[in-house]
Every structure is written in C-alpha cells, then in structure tokens.
1. Here are some residues: R34, R5, R21, R26. Which one is at pLDDT below 90, surrounded by fewer than 16 Cβ atoms within 10 Å (Cβ to Cβ) and in a helix (DSSP H, G or I)?
2. Which residue, of A66, A57, is crowded, with 24+ Cβ neighbours inside 10 Å and either within 16 Å of the chain's Cα centre (by Cα) or not small (G, A, S) (or both)?
3. Can you find even one residue in region 119-134 that is touching a residue at least 60 places away in the same chain (Cβ under 8 Å) and in contact with a Gly (Cβ under 7 Å, 6 or more places away or on another chain)?
4. Restricting the first residue to region 51-70 and requiring it to be of a type in the set (S, T, N, Q), which pairs with a second residue that is crowded, with 22+ Cβ neighbours inside 10 Å and part of a strand (DSSP E or B) meet a Cβ separation below 6 Å and a spacing of at least six or different chains?
5. Examine region 173-180 for a residue that is more than 16 Å from H56 (Cα to Cα) and out of contact with any His (no Cβ under 6 Å at 6 or more places or on another chain), and state whether such a residue exists.
Amino acid sequence: MADLRSRRRLHQRRRRAGGYRRHPRRLYFRYDHRPFTETEAGRFETALCDYFDARHALGCTSGTTAIALALLGLGLPPGATVLCPAFTFAATPSAIRLAGHNPVLVECNADLNLDIADLAGKLTEDVRAVVVVHMRGFACDVDAVRALTDPLGIPVIEDAVPALGARLRGRLLGTIGAAGAFSTQSDKSINTGEGGFLVTDSADLFARATVYCGAYEAGWAGTSASLTHHRVTCATSTTRSSAGGWTRSVPPWPTR
C-alpha cells in the first residue's frame, strides 16, 4: 500500500513538472473531421488507384471480404452459380457463399490454375460469374478465360490475394477482370495484420461494393448505379489498425 502511494505521488509530481510528453494525435479511422482524401484510408485508396491505374479502389477488412464485395458489386441474383478453381484457399468458395451465391468447382491444370478446357465444359446457362485465382503468384490466363466468358456476358473476378504486384503480359493482376481482390493480412506482400482491398474500373460495381462495405459516406457520389434496393449486409469497412498500416506500406512496390 505504501508503495502504491509512493508511485501516485511520483506521478503527480511529474505531471506538475511537465515530465510527461504528449504524443501527437493519430487518426486512423476511415472518416473523421478531415476531407476523406486526407484520411489514412482515403490516401491509401488514392495510392492504389495510382499504382493499379484503376478508376476505383475500396479498402476493406480482408481479402475474403474483397472477393465477396466484388461479387456483391456485380448485382447478381441471389443464389447464382459462380465458378472457381478446385485448388485454392478455402476463402475463395467461402467468399462466394458470403455473397449469397453457390460455388461450383473447376478442375486445375499443371500450374495449379483454373483449367480452361474444364471451364469451357462448365459454362452452362446457369453460370453468372467466374472467380479466377492467381495461385501462389502464378498468373491464371485471364485472357483465355475471358475469351470464353465475354461472348456469354459472364463477368470475371480476380482473386489476386496471393499475387500482389505480379503481372500477366505486362498488366497487373487484378486489373484484367471486372474487379480484383487483394489481401493485406500478416503474410502478404503488404502487411497490416488484417485487411484487404478491391480495385475496379466499373462505377456501378464500386458503388454497390461501397454500400455493402458500409463505407458509403464518401467516394461513390456521381456513379450511375441504382442503389435504392440494396442492403448493407456485412460490417466490412476499413478499420483503424488497417488504414494506419496501409499508407505507410505502399511505396515502393517493386515490379516482379
């Protein structure tokens, strides 16, 4: 008890003498008193658009969330059939389920990427989207996939979680399909502990994803999507810890 009183007196003397330094206030939330473009999340999303040469970027809580938000952004009917490779992390089909759709597996080739021949046989009239995965940094041939899906009007989402910064024929993975999903989880190229983001050139997809993400206070004004009937279904917005780590991690990203 005497020791406790002694510590309290020491603390009081230090406060009176100005012995404690005040640390500068750090604001890591998506929204605060500043314009959105000046926040940690806003600056990070701007840096992502610059790096990927994409029109829109949206920070979220994980790569799984980014895949789900990309699918939600497509505006597919509930319970749609979505193809994905059989060899992938469990998060890929889980994200399809999270978005309210049904994953159907496609066989893989020797590079552990989606097999184009098997994909061709599974592109039935029930299929509404395809999620390709760039496994372990090896690019899936998105051009070959789109050669099959584009004539059918089927959009392609890129699960680029394992391939941040990798390229296919000079183009950054994640920028070839309708949207690209990435992770900043602890063992990824950019590590914020937990986190993720998506990039897209589609204003409609971005607007829907932003609303579902719960990050709709800024960033999607002026898009053409009709959002009247959309519900915010999951708490997926950028967290304080993620945003704070992101902006300090972006530069420089080496070309692979």
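1. Step by step, each of R34, R5, R21, R26 is checked, and only R5 is at pLDDT below 90, surrounded by fewer than 16 Cβ atoms within 10 Å (Cβ to Cβ) and in a helix (DSSP H, G or I).
2. Of the residues listed, the single one that is crowded, with 24+ Cβ neighbours inside 10 Å and either within 16 Å of the chain's Cα centre (by Cα) or not small (G, A, S) (or both) is A66.
3. no
4. Listed pairs, sorted by first residue: S62/G196; T65/G196.
5. The answer is no; no qualifying residue exists.
The values are calculated or read from the model by the stated rules, or taken from the named source; none is laboratory data. No experiment lies behind these values; they were computed from the predicted model shown. Using ideal geometry, Cβ is built from the backbone for each residue, glycine included, and neighbour counts are taken over all protein chains shown.
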